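*Asks:* Structure in structure tokens, see below.
The values are calculated or read from the model by the stated rules, or taken from the named source; none is laboratory data. Bear in mind the structure is a predicted one, so any value in this text is a computation, not a measurement. Here the Cβ positions follow ideal geometry from the backbone for every residue, glycine too, while neighbour counts run over all protein chains shown.
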Amino acid sequence: MNRRAFHLGTLAIALGLTTPLYAQTMRIDVSGVGARQVPLALAPFAGTGSLPRTLDTVIGDDLKRSGMFRLVNVTGSYSENTPLDMSALRSQGADSILVGSVNPVANARVEFRYKLADTIRQSVLSEATMTAGENDVRLAGHRIADTVYEKLTGIKGIFSTRIA
């Protein structure tokens, strides 16, 4: 009898303690991909033909799909050869801007020039020129996206890697 009373008492206490757990409210904080996206202006790359548009698309898609960037539309014409109006870009919501150009060179090769600038610090983060074949425009776009990703997040970009 004492043993049975002990077990019933223990069960009652256990059930009494679990009831407050059900009454607790659950709070979920979502802070992951997209919670802190970097606003980036991607100015259309200068050049002739369809190569600049292809490059714009590849870079923009890579950065958007990473979840770390939000592309911002800005007004005005921007080039890697002209001074950037950082305060005007900042007032349009861009923390950074990528500008560049695509120019054909000899032997079916193309030169890609680009500049990445931080509108908050009002400084150039990266400026480079690369040359590739006309059929390697997508790869060049992925490499530029890698640079942007690394300079703005501190993490090496993976857009130009291969999956075996």
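*Asks:* Confirm whether VAL110 is more than 20 Å from THR153 (Cβ to Cβ), touching a Gly at 6+ places or on another chain (Cβ under 6 Å), crowded, with 19+ Cβ neighbours inside 10 Å and among the aliphatic types (A, V, I, L, M).
*Replies:* Details: more than 20 Å from THR153 (Cβ to Cβ): yes; touching a Gly at 6+ places or on another chain (Cβ under 6 Å): no; crowded, with 19+ Cβ neighbours inside 10 Å: yes; among the aliphatic types (A, V, I, L, M): yes.
Answer is no for this residue.
*Asks:* What is the one condition in (1) modelled with pLDDT under 85; (2) surrounded by fewer than 16 Cβ atoms within 10 Å (Cβ to Cβ); (3) more than 21 Å from the chain's Cα centre (by Cα) that VAL33 does not satisfy?
*Replies:* (3)
*Asks:* Can I ask one more? Here is a check on your reading of the model: is LEU89 surrounded by 14 or more Cβ atoms within 10 Å (Cβ to Cβ) and either in a loop (DSSP other than H, G, I, E, B) or touching a Lys or Arg at 6+ places or on another chain (Cβ under 9 Å) (or both)?
*Replies:* No; evaluated as a whole, the condition is false for this residue.
*Asks:* Among all residue pairs at least 6 apart or on different chains, which show Cβ distances below 6 Å where the first residue, located in region 38-67, is hydroxyl-bearing (Ser, Thr, Tyr) and the second is at pLDDT below 95 and part of a helix (DSSP H, G or I)?
*Replies:* THR54/VAL137
*Asks:* Of ASP146, ASP136, which residue is in a helix (DSSP H, G or I), touching a strand residue (DSSP E or B) at 6+ places or on another chain (Cβ under 9 Å) and charged (D, E, K, R)?
*Replies:* Details: ASP146 fails: touching a strand residue (DSSP E or B) at 6+ places or on another chain (Cβ under 9 Å).
Result: ASP136 is the single residue among ASP146, ASP136 that is in a helix (DSSP H, G or I), touching a strand residue (DSSP E or B) at 6+ places or on another chain (Cβ under 9 Å) and charged (D, E, K, R).
*Asks:* Would you call LEU98 touching a residue at least 24 places away in the same chain (Cβ under 8 Å), of a type in the set (A, V, I, L, M, F, W, C) and part of a loop (DSSP other than H, G, I, E, B)?
*Replies:* So LEU98 fails the test.
*Asks:* Just one of the numbered conditions (1) surrounded by fewer than 16 Cβ atoms within 10 Å (Cβ to Cβ); (2) at pLDDT 95 or above is not true of THR75; which one?
*Replies:* If we test THR75 against (1) surrounded by fewer than 16 Cβ atoms within 10 Å (Cβ to Cβ); (2) at pLDDT 95 or above, just (2) comes out false.
*Asks:* A further question on this structure: Out of the residues in region 48-66 meeting the condition of being among the polar types (S, T, N, Q) and under 20 Å from SER101 (Cβ atoms), tell me which one is surrounded by the most Cβ atoms within 10 Å (Cβ to Cβ). Before you say what the answer is, go through the steps one by one.
*Replies:* From region 48-66, those among the polar types (S, T, N, Q) are 48, 50, 54, 57, 66; that's our starting set.
Adding the requirement that they be under 20 Å from SER101 (Cβ atoms) leaves 48, 50, 54, 57.
Details: THR48: 9, SER50: 10, THR54: 16, THR57: 13.
Taking the candidates together, the pick is THR54.
*Asks:* Being within 23 Å of ALA108 (Cβ to Cβ), crowded, with 17+ Cβ neighbours inside 10 Å and at pLDDT 85 or above narrows it down to one residue among PHE45, PHE69; which is it?
*Replies:* PHE45
*Asks:* Now, a different point. Among the residues in region 111-122, are any of a type in the set (Lys, Arg), under 21 Å from THR48 (Cα atoms) and in contact with a helix residue (DSSP H, G or I) (Cβ under 9 Å, 6 or more places away or on another chain)?
*Replies:* No: zero hits.
*Asks:* Do any residues in region 69-81 that are under 13 Å from ALA94 (Cα atoms) have Cβ atoms under 6 Å from those of residues that are exposed (fewer than 15 other Cβ atoms within 10 Å of the Cβ), where the two are at least six apart or on different chains, and which pairs are they?
*Replies:* Close Cβ pairs satisfying both conditions: VAL72/GLY93.
*Asks:* Looking at region 123-137, which of the residues that are in contact (Cβ under 8 Å) with a residue 40 or more places away in the chain and surrounded by fewer than 16 Cβ atoms within 10 Å (Cβ to Cβ) is farthest from LEU42 (Cα to Cα)?
*Replies:* Taking the candidates together, the pick is GLU134.
*Asks:* Quick test for you: out of ILE163, ILE97, ILE144, ILE120, pick the one residue that is within 19 Å of LEU71 (Cβ to Cβ) and loosely packed, with under 14 Cβ neighbours inside 10 Å. Show your work before the answer.
*Replies:* Working: ILE163 fails: within 19 Å of LEU71 (Cβ to Cβ); ILE97 fails: loosely packed, with under 14 Cβ neighbours inside 10 Å; ILE144 fails: loosely packed, with under 14 Cβ neighbours inside 10 Å.
Going through ILE163, ILE97, ILE144, ILE120 in turn, the sole match is ILE120.
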